[in-house]
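Quick notes on the structure that follows.
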Amino acid sequence: MNLEQVIEQCARLGIELAVQDGQLEVYFDEDPPPELLAALKAQKSALLAWLSSSRDAVKTDPQLIHLDDDGGRSVCSSGQQRMWLMEQLQSGWQNNLFSVLEFSGEFDLDAARIAFELLLTRHEPLRTVYQAHDGEVFQQVLNAYRFELPLHDLRDQSAAQQEERLRELMLQESQSRFDLAADLMLRVCCVRTGNQQGVLLINVHHIAADGWSLKVLIDEFGQAYSAVRRAQMPQLMPMPVTYRDFARWQRQRLASESLAPSLAYWRRQLQGLPQTHSLPLDHPRSNQPSFAGARCSHSLDGAVVAALRQLAAENGVTLFMVLHAIFAVVLARYARESDIVLGVPVANRNHVGLAPMIGYLANTMVLRTPVSMAQPFSALLQQIKSCHADAQTHQDLPFEQLVEALNPPRSNAHTPLFQVMLTMNTAHRGSFVLDELILRPLAAPSVASKFDLTLNIVDSDSGIELQFDYACDLFEPTTIAWYARHFAVLAGEVCIMPDKPVGELRLADAEESAWLQSLLQGPSLAVPTATLDALLSQRAAAQPDKIAVCDCHGILTYGELERRAELLAEQLRQRGIGPEVVVGVCMERSQALPVALLATLKAGGAYLPIDPALPAARQTFMLADSRAALVLVDDVCQHLLKESPIPLLNPSQPSADLVAVPESRQRGADDLAYVMYTSGSTGTPKAVMVTQRNLVHFLTAVADLSGGTDAVWLASTPLSFDISALELFGPLLAGGKLVLAPESGARAQAFMHRLGTVAAKHASEQDSGACFSGLVERHAVTHFQCTPALLRLLLDEPAARSALATLRCLLVGGEACPPALARELRGTSAATLYNMYGPTEATVWSTSQLLTGEEAIVPIGLPLPHYGCHVVDEALRPVPFGVPGELLISGPGVARGYAGRADLTSERFIDFDAGGSTPVRAYRTGDLVRHLPDRTLEFLGRIDLQLKVRGFRIEPGEIEARLLECAGIREAVVLLSANEPRRLLAFHTVEQAGQPDAEVLRQALASTLPEYMIPAVFVELERIPLTANGKIDRHALLAQEVPLPTRASAPPAGVVEVALAEIWCELLKLDKVSREDHFFELGGHSLLTVQLMTRIRDVFQIELSLRALFDTPRLAQLAAAIEGLQRVQAEQRHRERHAQLRAQVASMSPAELEAAIAARRQTAQPSV
């Protein structure tokens, strides 16, 4: 039992509790049940804290006493006010408490109706209505009302028909709306399925009851029904006060200083509270939630439940505290967050006189738990015990007052302060007998979710059931099923090893661990042991006359490629190039490029790509840092490095006769193949060392994607981007053809822009013919790879779009692929589309995913053959299904390390225990991923690039996706500004300049995104800048001049804004406000909104919904909404007057009509 349940049981059994000399005293006439005695011992410290606080409060608190009144309007409690406000704000909000009672035996419908009428008379909240008056909500108890108990007779239907109809009725009744201004707050209907079988469907609005009240309602119904059947009055527990007494007493307490210490406690406790949880969502959060909910139930094993009870007793805590700690650990592991915030309801019936009352008395405590992965679970238990004890001491402060005092940012997208709820209830102990009738509670359907996630723990004779209620807008059923499964596994773990650090406790059982292990490793394939150049020599020997390479200047057969490469290799050996010697390659894309690369490998060296577009200082650094012995150049690039101290070799220029030089040693698979520089987090580039073994394993792994001897690859990627290795070597190894896209001095980005009309403006006729579409058509290209950013450019160009439709296979990677882009391409081309993922440190690509274009989330897929993918936590422990973690990549594709950076190599390339007999070498990617329900991996972002704005964790891709849905938007990138104050910046390109403008975009996003996710600044660009590798250049975006957000302090303009500003100043006690001021940021709160709506109605003669204020909280926005509603109402009145006039004319006789017209003319004549 939790604390509230202990207090309830004591109240029902007449047991008195007191504190005497710091000790708990228990007074009773009959021995309490053993279970209650055990609970009293377990809850001793919490009871002492509660009793002490209650005793101290009596000194300053107003007394809760019954006051006779005339039955007129009465003030509402804080809870009633919140429920009323939520009804006004959220159209989809379901605030019903729905119960189902199955009965068997002789059921007396009239007796049941009378019993419920007695309860309506006894409990005022069940017959109370609510109305706003003078800016405040009041409750009015109805003395005249009519209660009905309708009957649905299904006895003539088959069992299957009954089951279907009963399901329909349960859904219909549970979703039925209450009119808070007119309806009874209790509805009951009876469904007969047999002469002595049926169910009662009981629906109560939450404004009139809470969880405790439902138990009172069902218990008292049973007593009243039995009494009515015996023609007696039920003997129910005396109720010394009414709910209206409670509401008045609560108001008095709020007006006094008795709750000031509690408010001070909660301010300290919740300082710096995260605005939302960080749990990974399956669907982006909407600004207009549907509140559709579903339930996933899971029963804990009986032995585990017994062990949990024993664990609670041994640690001096309650079972609820143990389950709270388990839930906190599960959430912390899923969210990768140590600050766990839960809403926990409390009965709030500290006065014994409140125990038998039906009414909304429950309060919600916001319990904040720091969870350290290094902390033993037993220590976390004691921490949670203290948290509960402190919170119980200060539980009387209404949640609504806490929200108003803390004034967190308001959003329609989520609830304030917390979004995850934890509750525990004791289920009715099976069936109970009423004379000839047996009643048994049934599980009610879960149709609404007020929070993102709620864990209802139901403790009954049969054990503990976990009921996970979740928002369907955010989570998939399979995700929540894993939450439940991991909770159950962890519950068993903590019983066995309570002193183990929580980060080391298992969430995955043996079955899941084995299943995950099967997903970690890609398929195994036979891999040649020879070096890449040796394999290409074999291919040349097998098909010497087949075309291997073609560019705008001609072709090379495999035999010619082999001969030219061998000649150049001899020159390189003559100049001392051998194994582990680095050769710089600074060339444009032409036939000379694959010859240079292959020759370097034949000589035993490793090639280093030098991008001609790089600054001279960067080129010099790379050559010096890599200790390059030589640089291969062409005629175009030779002048760029003429000042370099490192020797240059232009293969196209004649050289002295060379003598063959024997290789210094036998070349092997572990020799370097290339050195690739990537950007470093410190600003210093890192040189990744990739070996021949790495490269051959990778090319073997993607052999199926590379195509066969009939494949034609278009190579357009700069050599400095590692995916060029697939373009240049993949088709040659497979025996296909390589088509080199010309650069003519421009880089890959310029090539991609040289499409159609762009080419006609800036290029010669020859260059125009060399554009993407021309190359694809001329050479019958079948395979192409690019980044999503470049694919976007191609789709926007009609000629290139048509060319894409002719491809056989398209690989997209290098950055996240938006689902909309995949859908658009799928509708354009029948090409097989793959989303590729992989860091340079693991040799190009490591995973792949075949895309259908129907994906809501584009996954990065599963490991390629030979690759291993491991998802781990901060301590490098494998995480269970669905839990986010860092991706480690293992296998023969993992590079040697960073040249000259032993410290960084040891940090990122580690020995990892993957569950086998020996550790494997793995690369830490720094990328956050998780397993999706279909077993693929979802890329969640960089661990070191998590964005947080005003306490909210933000996923930029979510905002970008919504921007791309706006009409006229072609591309969108969302970044966080580098300078303070940190702001969200949205960079975008449009189909037509200036349309849509920033205000249109802001309004469009406001309809789907929370306010904190709407960018402060929108920057329209002609095109999104790309790096030489074709990726979005985020550094270039942040370097642009960004206008400051326009939040002018302009005074109100126009009659409506001025009048509205006067109302704001009066309510908020301000001297003046500006057009852009925000009602809630100025101190407005939920109670003031009612007064504001009343003033708006009186001044502007319109009925504006509360939702309109939350949707348009700035003065200018709200004024515009008022003006819009005024226009709508004026048009409506005009239409009504017009309709009345037409009806009046239609009812007149011709004579009457003529007389009316004459009278009208006479009235219109000017007097003389």
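Taking label points 7 Å from Cα along the Cα-to-Cβ direction, HIS639 and GLN1162 give a separation of 10.2 nm.
Going by a ≥ b ≥ c, the root eigenvalues of the Cα gyration tensor, does the range 548-596 fall in the rounded group (a/c under 1.5), the prolate group (a/b larger than b/c) or the oblate group? The shape class here is oblate.
Rank by packing, highest mean first: peptides 726-737, 278-289, with packing defined as the count of other Cβ atoms within 10 Å averaged across residues. Don't skip to the answer; put the middle values down first.
Numbers: 726-737: 23.8, 278-289: 18.5.
By packing density, highest mean first, the sequence is 726-737, 278-289.
Normalised by residue count, the range 793-950 yields a Cα convex hull volume of 163 Å³ per residue. Distance distribution note for the chain: the fraction of Cα pairs above 53 angstrom is 38%. Over the range 178-247, what portion of Cα pair distances is larger than 20 Å, expressed as a whole percent? Everything past 20 Å amounts to 47 percent. Charge dipole of the chain (Cα centre as origin; +1 on each Lys and Arg Cβ, -1 on each Asp and Glu Cβ, all else neutral): 1520 debye, rounded to the nearest 20.
All alpha carbon pair distances within the range 1054-1146 were sorted into 10 Å bins beginning at 0; the resulting P(r) in whole percents reads 16, 47, 19, 11, 6, 1. For the pairs LYS44/LYS385; LYS41/LYS385; LYS44/LYS215, note any where the Cα-Cα span goes beyond 22 Å. Going by Cα-Cα distance, LYS44/LYS215 fall outside the 22 Å limit. Semi-axes of the equivalent ellipsoid of the range 77-211 are 31, 17, 10 Å, computed as sqrt(5λ) over the eigenvalues of the C-alpha gyration tensor in descending order. For the chain, the residue among VAL527, GLN94, LEU719 whose Cα projects farthest onto the positive side of the dipole built from Cβ charges is LEU719.
Here r is the Cβ-Cβ distance between GLN161 and ALA967 and R0 is 41 Å; the resulting FRET efficiency, rounded to 0.05, is 0.25. Based on alpha carbons, the Rg and Dmax found for the range 135-204 are 15.7, 54 Å.
Packing here is the average count of other Cβ atoms within 10 Å per residue, and on that basis the peptides 1134-1142, 839-847, 553-561, highest first, run 839-847, 553-561, 1134-1142.
Helices from the chain with mean Kyte-Doolittle at least -0.5 and a Cα length along the axis of 27 Å or more, per DSSP H: which? Display every interim value, and only then the final one.
Working: long enough: 211-229 (28 Å, 0.18); 477-496 (30 Å, 0.84); 1115-1147 (48 Å, -0.58).
Going by DSSP H runs, the hits are 211-229, 477-496.
Full extension of the chain between HIS553 and ALA510 gives 9.3 nm of extra length, using 0.36 nm per residue less the Cα-Cα distance. Ratio of Rg to Rh for the range 190-303: 1.09 [Cα atoms; Kirkwood radius as inverse mean 1/r over pairs].
Here the spin labels are modelled as points 7 Å beyond Cα on the Cα-Cβ line, and at GLU1123 and SER802 they lie 4.9 nm apart. Computed from label points 7 Å out along Cα-Cβ, the spacing between LEU169 and ASP903 is 7.6 nm.
Given a Förster distance of 56 angstrom, what is the FRET efficiency for LEU876 paired with THR828, based on the Cβ-Cβ distance and rounded to 0.05? Mind dumping the intermediate values first?
Values: r = 43 Å, r/R0 = 0.76.
Given R0 = 56 Å and the Cβ-Cβ separation, E is 0.85.
Cβ-Cβ distance of GLU1066 and ARG267, R₀ of 30 Å, FRET efficiency by 1/(1 + (r/R0)^6): the value works out to about 0.60.
Scoring 320-327, 795-802 by mean Cβ neighbours within 10 Å over their residues and listing the highest first yields 320-327, 795-802.
The numbers here are math on the coordinates, done by the rules we state, and not lab data. Just so it is clear, the model here is predicted, and its values are computed rather than measured. So basically every Cβ, Gly included, is an ideal-geometry build from the backbone, and we count neighbours across all protein chains shown.
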